[in-house]
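Everything on this sheet refers to the single structure shown next.
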Amino acid sequence: MAYIKEKANGRWKVAVYVKNHHTGKRKRKYNTVDSKKEAKKWAKKVKAKNEKGVYIDSENKKMADILRKWLEEHKKNIHENTYDGYKIKVESHLIPHLGEIKITNLNKDDIEYYFEYKRNDGRLDVKEGGLSGNSLKKLYIILKMAMQYAKNHDLIAENPVLKYHPPTVEHNEAYHFSEDEVEHLLNAAKEISPWMYRFIALDLLTGLRRSEISALTWEKVNLQQKYIVIDQTLSYVIGKGTILKNKTKSESSTRFITISDKAVNLLLKHKEEQDKIKEILKEKYDDSVDYVFAKEYGGHFAVGYFNDKFNEILDKANFSQKYGIHTLRHTFATLCIKKDVGKETLMSLLGHSSYSTTVDFYAHFDLNTKRKATDTLSDDINI
């Protein structure tokens, strides 16, 4: 039997007895809604769940419980990489600060304090400062979805996150290297690490993502016809480490990238040195997957390795911290625009999903169109 009563403010309070199927004890479950009809509907829903034994007692549930429960339920609806990203945010950012709060006690003040702290001092690395607006927005979305999950399962009467305004996302400038900076960067890289110099140079000449160029294998490189095939990436998966995946970010199965004579010569030089190492190491060299940018004894690096090496070069060359490895891709795009490369051709080269194809590459752009763009671009990059 449900207890329903109208409050002075016009809203309706409803209470219903539920049974804990583990202890056999009964207790009242309360809620406040906008109408008597809604109160009856809520009471009926709670009773039905309780009778089936699926009602979850929220009395002792903490934020850590509901965040993990929501994450596991949500896992089947999202891509593996997305799940891994969510899990890191849940375990490293949300639970350490909110995990011990009971879900029925979480309020707007808790949420406001949390985001203020993260905005000012929320980084997990050794650097000082807080998270960006974009990172805060992602945490907000996860927290909102988890608490909505709790509401949908009648663990809370309303979602407190909805009372807090979403963090503002800054629209930061996509930085790129000037032509003089490109020359300075390449000179510094050549002195510090010739191997990393070739990685950076190839990235500038192709605009590939870090995950794509680090996953590149020799069987995907055609030096005679001057193109490479992009159909796999290296990605970090929680519990598995860095693994090779046969899917790109846009979910397209294949993308063809033309390479200039400069890029061909660069790769030939790189292959020549790699072959010498293989000859010396013989069976000790792991070429079961023959990576272009392989470790000393073969095999792939962890996904963060290239970032670390690139940042090391930036530091020694006295570049601003505003630059990162993704700046190479932005620089490629900027130089293409300066050379009047068509928007559709550029998007196809960059692998944006609007111009990708999983069936017939030539349905969008032929290799000659792309080759004209990449050959023209290479004139401005001194390798």
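The values are calculated or read from the model by the stated rules, or taken from the named source; none is laboratory data. Every value quoted in this text rests on a predicted model; they were computed, and no experiment measured them. Ideal geometry is used to build each Cβ from the backbone, glycine not excepted, and the neighbour counts take in all protein chains shown.
Values computed for the structure shown
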quantity: Any hit, the stretch 193-202, residues being over 25 Å from the mean Cα position of the chain (by Cα), over 17 Å from PHE310 (Cα atoms) and either modelled with pLDDT of 95 or more or assigned to a loop (DSSP other than H, G, I, E, B) (or both); calculated: no
quantity: Residue identified as within 27 Å of GLU312 (Cα to Cα) and not in a loop (DSSP other than H, G, I, E, B) among LEU186, LEU162, LEU208; calculated: LEU186
quantity: Lone qualifier among LEU234, LEU202 - being among the aliphatic types (A, V, I, L, M), in contact with a helix residue (DSSP H, G or I) (Cβ under 8 Å, 6 or more places away or on another chain), within 21 Å of ASP375 (Cβ to Cβ) and assigned by TED's automatic domain parsing to the domain that holds HIS270; calculated: LEU202
quantity: Residues of the stretch 91-121 satisfying the condition of being of a type in the set (S, T, N, Q), in contact with a Leu (Cβ under 8 Å, 6 or more places away or on another chain) and assigned to a helix (DSSP H, G or I); calculated: SER92
quantity: Test: LEU124 is surrounded by fewer than 17 Cβ atoms within 10 Å (Cβ to Cβ), aliphatic (A, V, I, L, M) and not in a helix (DSSP H, G or I); calculated: yes
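One line per residue, one yes/no per condition, for (1) over 23 Å from VAL169 (Cα atoms); (2) touching a helix residue (DSSP H, G or I) at 6+ places or on another chain (Cβ under 8 Å); (3) modelled with pLDDT of 85 or more:
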position	(1), (2), (3)
LEU71	yes, yes, yes
ASN81	no, no, no
PRO96	yes, no, yes
TYR113	no, no, yes
GLY122	no, yes, no
